[in-house]
Every structure is written in C-alpha cells, then in structure tokens.
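The values are calculated or read from the model by the stated rules, or taken from the named source; none is laboratory data. Keep in mind that this is a model prediction, so the values were computed, not measured. Quick reminder, even Gly has a Cβ in these numbers, built from the backbone with ideal geometry, and neighbours come from all protein chains shown.
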Amino acid sequence: MIDGFIEAATCRQRDSDADCPALALKVTAGLGKTSTALRKIARHAEPLLARGHVLVYMPTLELAERALTEFRQLAPAVPSRVLRGREALRPDHLTEKMCKRSDLVKTISGFVPSVTQALCRSNDPDGNLVQSHCAGGCPYLGQRDIKGAHVTFLSHAYLTVRPPVDDDMKVALRVIDEKVWPILANISCLPIGEFLRPPSEAYPAKLRSTLSIAQAAIIDGLHRGLPLHSHVRDMGITDSQLEGLPEAESGCRESLDIRPWQSEHTIRFRVDTFDRKAFIASRRRQKVFERLSEKPVGHCCGLAIVETPAAPDAQLAIEFSSMEKIPRDAPVLLLDADADPDITERIAPGAEFLEIQSPPVADIVQVSDLTLSNSWLLHPDHGSTRRAGVLTILRREVEAAAGGGVLIVATKSVLRALHADLGMSDTSTDDALRQPLLGAVPRWFGPRTQGVNDFENYAAIVVVGRLQPRAADVEAAARAVFAADELPILAHCQGPLPKCDTHTLMADGTEVTSTVNTHPDPRVHAVMAQIRECGSLQAIARLRLVTPQGAKRVVILSNVPLPKLPITRLATFEALERGLEHEPDVRGFLRLETALRATGDLPVRGSRLSALGLATDLPRDFRSDDVARNFRRGRTTNHLMDLCARVAKANGWPLTPLALRRPEGGKAVPAIIIAPRQAALAQAESFWPGFAPNFF
C-alpha cells in the first residue's frame with residue numbers, strides 16, 4: 001500500500017483545483033510502518049525530489065533525528081536533513097540554541113505576522129534587504145537558505161507553521177507519522193467581559209450598532225443552545241454586516257511593530273509596552289465573528305460558553321475551538337496506530353482509510369476489578385497501602401524478568417508517589433522520575449511514548465492506571481475536532497461519566513462483558529478513547545509485540561478495556577498482588593487461606609470439608625451452616641481438596657488430606673490436617689475423637 005501510494009505521487013499530474021490524494025493507514029504499532037515508509041521513499045527518491053520536497057513529520061525532534069539516521073543508512077546518497085526549531089539545540093554546539101534570541105522570539109510569537117521579518121531580515125521602506133546583527137550566521141535561518149529539494153524530517157509542530165525550506169521548490173510528498181490531530185486542534189477562551197468590551201475609537205462607526213446587537217445575540221444564543229447564525233439574523237443583522245465584523249476587528253487592532261533595522265532598545269521598549277491582553281482579546285473576537293460568518297446554517301459547534309478557573313472565583317468565557325486541516329498541496333500519507341476514521345476525515349477530508357492489524361505475541365494479564373485511578377492510588381489514608389500492592393507486583397515482575405528489562409508506565413503523579421514510597425525525596429524533575437523503580441524503568445503516559453523503540457528488547461511492561469482527562473477538556477478537544485459539525489456537543493455537567501456496556505477481547509477469541517465510564521456523545525467518546533485507551537496501547541506497544549525476539553509479558557493494572565487487545569487472562573488486583581493470577585478459584589483460595597491462618601494458635605490445625613464440618617471446625621470464618629453451604633455450592637470435594645493443597649503450598653504448610661469414618665459406618669467425611677503425613681492420623685484422632693481417620 002505504501003509503495004503504491006508513493007509511486008503514484010512521483011508521476012501525479014498537479015491539479016490546482018482539487019486536493020491532492022491522501023491515504024491514512026491504521027497500522028499496528030511495531031508492524032514496521034515507519035521503516036517501510038522510509039524504505040519506499042529511498043526507493044523512489046530520485047523522481048520524488050525531481051518534483052520537490054519530501055517532508056516527513058515525526059512527533060518530536062528527537063524522533064525526527066532518529067528517522068534521519070535510519071534513512072541515511074538506507075540511502076546515503078539521497079539529499080536529506082532534519083529541521084530544527086529556534087528553541088532546539090544546535091547539533092554542532094549542544095549548549096547553544098539554534099536562535100540566539102529565542103527568548104525574545106517566544107515573547108513576540110503570535111503577535112507579529114512573521115517572526116523572521118520582525119526580528120531577522122526583511123525589506124525596509126526603500127526596498128533594501130536589512131538583516132539583524134545575528135542573522136548572518138544564524139543556523140536556524142541557514143536552514144531556509146539551503147537550496148534544492150531534500151527528504152526533510154521535522155516535528156509535527158511544523159504542520160501549523162511554514163517550515164524553513166527552499167521556497168522555490170514545491171512539496172512532492174508529505175508523510176505524517178503517528179497521531180497528529182492534537183497539534184492541529186486550537187482551543188482558546190475569551191472572558192465574556194472581554195468579548196463585550198466596547199470597541200476602540202478606530203472601529204467603523206457604521207458597524208458599532210451591529211456589533212452591539214451581534215455581541216448580545218451571540219451570548220444569548222450560546223446560553224440557550226440556539227443555532228447561532230439564524231439567531232443573529234433574526235436579530236436583524238444581514239450576512240454582509242456579519243461578514244464585516246471580523247474585518248472591522250482586524251482593521252482597528254494595534255499590532256506589535258518591530259523590524260530588524262530597529263535598535264535593540266527600541267525593540268525591547270515596544271515589546272515591553274505592547275498591550276498583549278488587548279491584542280489577544282481582539283484576535284479572539286475576530287475568530288468568533290469569522291466562525292459565525294462562515295457558518296450560514298445550524299449550530300456553531302466550535303463555540304461554547306464554559307467556566308474557566310480564575311481567582312478568586314470561576315468566570316464564564318466563550319470557548320473558541322477549531323481544527324486546522326493538513327495541507328493538501330501534495331499527496332499525504334498518514335501512518336498512525338491509533339487512527340480514527342471520523343477524526344481522520346476532519347483533518348484530511350476525503351482521505352482513503354485502511355486498517356492493517358496484527359495481534360500481539362505476548363502473555364497479557366489485566367486486572368478485572370479496579371481502574372487504579374489517581375485518586376484511588378493517591379488517597380490520603382489508603383494510598384500508601386494500595387501503592388504497596390503495585391510495588392509488590394512490580395518487584396515480582398522484575399524478578400521474573402531476570403534482567404530482561406521491565407518498563408513501568410503510569411501518570412507522573414503516581415510515579416512521584418511510588419518513588420517517594422521507596423525513599424526518593426526529590427521527584428520534581430523528569431530526570432528524577434526516570435530513575436529506576438525496583439529495577440524497572442519508569443515512563444509516563446503521553447505523546448513522548450509514541451514511536452519510541454528504546455524498549456523493544458524489554459521482557460515485560462507494567463501499566464499502572466491510565467490517563468484521566470477531565471470531561472471538560474475532552475469536550476473542548478471534541479469541539480475542536482468536530483467544529484464543522486451541525487449538531488453541538490453537549491457538556492456533561494456533574495458527577496462521574498455514565499457507564500457504557502463494552503467488552504474485553506480474550507486471546508481465545510471470546511468476549512467478556514464489561515463496562516466503562518465514558519461520555520454519552522459518541523464524538524467525545526472517540527476523542528476520549530484517543531487519549532485514554534490509546535495512551536495505554538501506545539505504552540504497551542513500546543515492547544514491539546508483533547514480532548518479538550523473546551517471551552513478552554504485559555501486566556495492565558486497570559480494568560478499562562483496550563480496543564482489540566487480546567487479553568490472556570483476567571485477575572483481580574488482590575490476586576495479582578498475591579501472585580494468584582493462575583489460581584482458578586481466587587475467592588475460594590483467599591477465603592480458605594484466611595480461615596486456616598486463623599487456626600495458627602491451636603495445637604491441632606485442620607477442618608472437615610463438609611458444610612457442617614467447616615462451620616464447626618472453622619467458626620471464625622464460617623459462622624453458620626448456611627454460610628458454609630453457600631461456600632460449598634458449586635465446589636466439589638475434589639475441588640476443595642485441590643484448593644486446600646494450593647493454599648498449603650503457597651504458605652509452606654505440610655498438609656495431609658484425610659477421609660473420616662464413623663465407627664458405625666456411613667459415608668466418609670473429607671478433611672484436611674495441617675501436619676506431616678506421619679503425624680496426620682494421630683492428630684486427626686485427637687481432633688475428631690468420634691471418627692476413624694484414613695488417608696484420602
């Protein structure tokens with residue numbers, strides 16, 4: 001599929017009236033999608049570069065550099081490079097940044113049309129090219145000066161800004177590796193007070209009354225959940241008036257005016273005295289009006305009234321959400337293990353969507369009874385005890401791996417608590433969190449786990465809990481992704497998210513019914529799954545389970561079902577903590593173990609296994625015949641005998657099974673004595689004087 005798509009890109013006729021084709025491949029992590037794409041680009045490099053740049057977008061600069069290294073091994077003669085942002089370290093001087101004025105760049109970014117033209121180089125009023133004092137040898141700007149087409153590796157962030165490449169060359173192909181929609185989502189809030197602020201004196205007089213009516217209508221319509229465009233039009237505002245509002249807002253806004261020929265003192269003065277707050281508010285008002293003018297009918301899904309945290313109280317604001325689309329001036333190949341067809345359609349309309357899945361080869365055990373949420377693990381009273389259980393499980397996995405490498409993935413807050421439980425006092429930095437935990441390597445959920453191959457030779461992974469995004473945050477992301485939809489996304493106002501029936505896929509092909517808390521709106525559910533479930537799947541994928549080089553083991557300490565991940569076995573958290581994941585009767589094991597341990601202070605320890613015998617011999621735990629009968633229900637005598645044997649083995653007790661008969665005859669009563677075989681009969685005679693004991 002990849003080869004065919006890239007080959008077609010080498011000979012496609014350009015058509016300015018239509019988007020170039022896009023192919024989205026949902027491919028199991030570890031199946032080789034990235035390496036395959038690099039091989040095929042290397043194979044078709046000559047005709048591709050004859051048409052223009054090949055841009056390969058990776059989640060991070062680090063992954064882009066790794067991909068460049070791999071590509072140069074495949075095609076050392078093909079022109080290739082990696083693009084570094086202004087904040088990145090110089091490859092030739094790792095103590096210096098690519099831009100000497102990166103701090104100033106960060107301050108002005110978003111307040112000038114072009115950072116390069118504002119600070120670095122641009123034409124003065126006389127048409128002469130003027131450069132700043134540091135532009136001449138700037139390694140960042142030097143990237144743009146490299147002529148000719150290259151296979152260029154760059155981070156996802158460059159999808160939303162113009163990359164510093166040779167502008168004389170077109171783009172022949174874009175390859176986007178891993179999940180990209182979060183970088184394309186724009187979410188901003190404008191306090192209602194700022195939205196309703198009277199316009200400046202420069203605002204066109206003929207639109208002032210229109211502005212006031214529109215402002216009031218928008219607030220009213222959002223509060224009442226009305227179709228905004230129709231509501232504003234019903235208030236007497238025409239389409240042409242509505243279209244004039246964003247132009248008027250833009251026209252009266254004061255921008256930050258700095259240029260390379262200005263002195264450093266002048267630039268700093270203008271930056272320091274610039275009213276950022278007013279600029280941001282004006283730009284966001286413009287976006288609201290633009291959205292309204294672009295949407296002739298229906299609701300404006302990307303606009304909502306929300307509460308934002310503010311001291312001392314929360315305040316209402318207009319939330320503006322939008323989704324940038326992937327540039328379609330060249331064929332686009334999207335490679336993503338987590339790809340969702342509906343979300344893909346929003347970022348690359350009309351893209352062909354194909355799914356290629358391969359099952360993992362691993363022993364995968366998942367807890368069945370607990371989510372191990374942050375609040376549960378960090379509980380002020382019980383959290384330390386619960387985390388002790390996690391550490392017990394982790395210690396056992398490290399021992400079982402026998403040096404094969406164990407990865408533990410959790411939220412940062414849980415990792416900090418686990419480190420603190422083991423005596424580490426300072427866990428404020430990422431480097432501190434990466435320190436080993438009982439011999440396991442810690443990492444946390446998030447985008448930096450995407451595409452990383454550092455752990456492919458590890459023997460095991462322990463996933464603790466899961467990402468827990470706030471419902472309001474997921475709703476905001478969904479409003480961005482589905483901003484063009486007709487129907488609004490309704491907020492979940494209070495309480496936990498409702499439970500939804502789902503299932504856990506087992507390795508034998510069966511499905512176990514389960515439930516999961518999720519949002520009632522399927523669009524929000526899709527976004528939540530991208531964050532929560534896919535966050536766990538991405539962590540697990542670091543072990544590369546499709547074609548492992550050795551035995552692999554996955555321990556999932558959360559009962560949230562993971563889509564299409566086949567589970568070898570389910571076990572309770574207590575069972576895993578006790579090492580009982582293979583125990584077929586965990587409840588019976590724990591019940592009998594507790595009862596038999598309670599006899600530790602008695603001279604003779606044992607019990608008959610009939611209902612009457614359990615109630616008589618182990619009265620602390622089987623307080624009546626009915627309680628004992630309920631325990632026995634569904635458990636045969638042989639089952640109980642085997643269960644007792646497993647309990648004894650786990651605790652190191654010498655156990656002897658017996659059959660007790662009354663002198664007058666009758667059916668034998670099964671029993672067990674915690675004693676060596678040579679002492680069992682004598683102890684049984686003293687414990688049950690009315691019976692004649694024999695070995696079972």
**Fill in**
Apart from one, (1) in a helix (DSSP H, G or I); (2) not assigned by TED's automatic domain parsing to the domain that holds LEU660 all hold for ALA595; the odd one out is (2)
**Request:** Please enumerate the residues belonging to the range 356-367 that are under 21 Å from the mean Cα position of the chain (by Cα), modelled with pLDDT of 95 or more and more than 18 Å from GLY535 (Cβ to Cβ).
**Result:** VAL365
**Complete:** Selection over the range 448-507 where residues are out of contact with any Phe, Trp or Tyr (no Cβ under 8 Å at 6 or more places or on another chain), in contact (Cβ under 8 Å) with a residue 40 or more places away in the chain and not in a loop (DSSP other than H, G, I, E, B) yields a count of 20
**Message:** Tell me which strands (runs of 3 or more DSSP E) are completely within the range 598-696 and hold 3 or more residues being surrounded by 19 or more Cβ atoms within 10 Å (Cβ to Cβ), or say none if there are none.
**Reply:** 606-608, 655-661, 669-674
**Prompt:** What's the number of the condition ALA628 fails, among (1) at pLDDT 95 or above; (2) within 29 Å of VAL367 (Cβ to Cβ)?
**Reply:** (2)
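Among the residues of the range 292-304, what is the count of those that are over 29 Å from the mean Cα position of the chain (by Cα) and either modelled with pLDDT of 75 or more or hydroxyl-bearing (Ser, Thr, Tyr) (or both)?
Filtering the range 292-304 down to residues over 29 Å from the mean Cα position of the chain (by Cα) leaves 292-299.
If we keep only those that are either modelled with pLDDT of 75 or more or hydroxyl-bearing (Ser, Thr, Tyr) (or both) too, we end up with 292-294, 299.
The total comes to 4.
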**Request:** Please identify the pairs in which a residue from the range 301-320 that is in a loop (DSSP other than H, G, I, E, B) has its Cβ atom under 8 Å from the Cβ atom of a residue that is hydroxyl-bearing (Ser, Thr, Tyr) and modelled with pLDDT under 85, counting only partners at least 6 apart or on another chain.
**Result:** ALA314/THR308
**Asked** Name the pairs: first residue in the range 662-687 and assigned by TED's automatic domain parsing to the domain that holds GLY613, second residue basic (Lys, Arg) and not in a loop (DSSP other than H, G, I, E, B), Cβ to Cβ under 8 Å, at least 6 apart or on different chains?
**Response** ALA668/ARG661; VAL669/ARG608; VAL669/ARG661; PRO670/ARG608; ALA671/ARG608
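Give the residues of the range 423-434 that are in contact (Cβ under 8 Å) with a residue 12 or more places away in the chain and more than 15 Å from VAL409 (Cβ to Cβ), sorted by residue number. Spell out the reasoning first.
The initial filter retains those residues of the range 423-434 that are in contact (Cβ under 8 Å) with a residue 12 or more places away in the chain, namely 427, 432-433.
Selection gives THR427, ALA432.
Hey, could you check the range 104-153 for residues that are among the basic types (Lys, Arg) and surrounded by 16 or more Cβ atoms within 10 Å (Cβ to Cβ) and say which is nearest to SER250 (Cα to Cα)? Can you show your working first?
Kept after step one, since they are among the basic types (Lys, Arg), are these residues of the range 104-153: 106, 121, 144, 147.
Okay, now just the ones that are also surrounded by 16 or more Cβ atoms within 10 Å (Cβ to Cβ), so 121, 144.
Working: ARG121: 25, ARG144: 30 Å.
Per the stated criteria, the residue is ARG121.
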**Prompt:** Yes or no: ILE343 under 21 Å from the mean Cα position of the chain (by Cα), part of a helix (DSSP H, G or I) and either aliphatic (A, V, I, L, M) or assigned by TED's automatic domain parsing to the domain that holds CYS534 (or both)?
**Reply:** yes
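Kindly indicate which of PRO654, PRO670, PRO689 is closer than 17 Å to THR616 by Cβ and under 56 Å from the mean Cα position of the chain (by Cα). Walk me through how you get there before you give the answer.
Numbers: PRO654 fails: closer than 17 Å to THR616 by Cβ; PRO689 fails: under 56 Å from the mean Cα position of the chain (by Cα).
Going through PRO654, PRO670, PRO689 in turn, the sole match is PRO670.
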**Complete:** Residue set ALA50, ALA24; condition in a helix (DSSP H, G or I) and either touching a Lys or Arg at 6+ places or on another chain (Cβ under 6 Å) or among the small types (Gly, Ala, Ser) (or both); output residue ALA50
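Go through LEU334, LEU292 for me and flag whichever is surrounded by 22 or more Cβ atoms within 10 Å (Cβ to Cβ), out of contact with any Pro (no Cβ under 8 Å at 6 or more places or on another chain) and not in a strand (DSSP E or B).
Numbers: LEU334 fails: not in a strand (DSSP E or B).
Exactly one residue qualifies, and that residue is LEU292.
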**Prompt:** Of the residues that sit in the range 531-564 and are in a helix (DSSP H, G or I) and not aliphatic (A, V, I, L, M), which one is surrounded by the most Cβ atoms within 10 Å (Cβ to Cβ)?
**Reply:** GLY535
